[in-house]
Amino acid sequence: MKKYMYILSIIALITLVAYLESPNSPLAHPNEGTNMYSTIPSVEDSDSPGATEANSNVENAEEEAVLTSLELKLEKTELVDGYIIETYREYEIYNNEAGEVIESVATEHYEYLKYLDE
């Protein structure tokens, strides 16, 4: 009898966890499962040179179907205190329906990787 209660309690626990992890759960976040990068508003800085040109290119491209993605590109590699430090910068890549790159805009987001130089 104890064996059946043990198995039944495990099944009930698995069912409860599955329900709480589902999108129908009262604990589920309303934006869970959506791509947060597609909803990031673009910040227009009209004081910087070429900003109006870049914005007009994007606005013209928006008339067509534009696919936006984020990509990290290697900016520089340094040797500091016996470590190799790679600096990557994030870029917003605008592609048309054919997959051709319309524009690549650098963001202010950087990521760093640190390796031991052997």
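The values are calculated or read from the model by the stated rules, or taken from the named source; none is laboratory data. These numbers were taken from a predicted model, which means no experiment stands behind them. Neighbour counts run over all protein chains shown; Cβ positions are idealised from the backbone, glycine included.
For region 1-33, taking the residues that are assigned to a loop (DSSP other than H, G, I, E, B) and surrounded by 10 or more Cβ atoms within 10 Å (Cβ to Cβ), the one that is modelled with the highest pLDDT is identified as Ser22. Got at least one residue in region 76-94 being surrounded by 11 or more Cβ atoms within 10 Å (Cβ to Cβ), in contact with an Asp or Glu (Cβ under 8 Å, 6 or more places away or on another chain), hydrophobic (A, V, I, L, M, F, W, C) and at pLDDT below 85? Taking every residue of region 76-94 in turn, none turns out to be surrounded by 11 or more Cβ atoms within 10 Å (Cβ to Cβ), in contact with an Asp or Glu (Cβ under 8 Å, 6 or more places away or on another chain), hydrophobic (A, V, I, L, M, F, W, C) and at pLDDT below 85. With respect to Val66, is the statement that it is modelled with pLDDT of 90 or more and in contact with a helix residue (DSSP H, G or I) (Cβ under 8 Å, 6 or more places away or on another chain) true? Considered against the rule, which asks whether it is modelled with pLDDT of 90 or more and in contact with a helix residue (DSSP H, G or I) (Cβ under 8 Å, 6 or more places away or on another chain), Val66 comes out as no. Filtered by the rule that a residue be surrounded by 13 or more Cβ atoms within 10 Å (Cβ to Cβ) and under 12 Å from Val66 (Cβ atoms), region 95-108 gives Asn95, Asn96, Ile102, Glu103.
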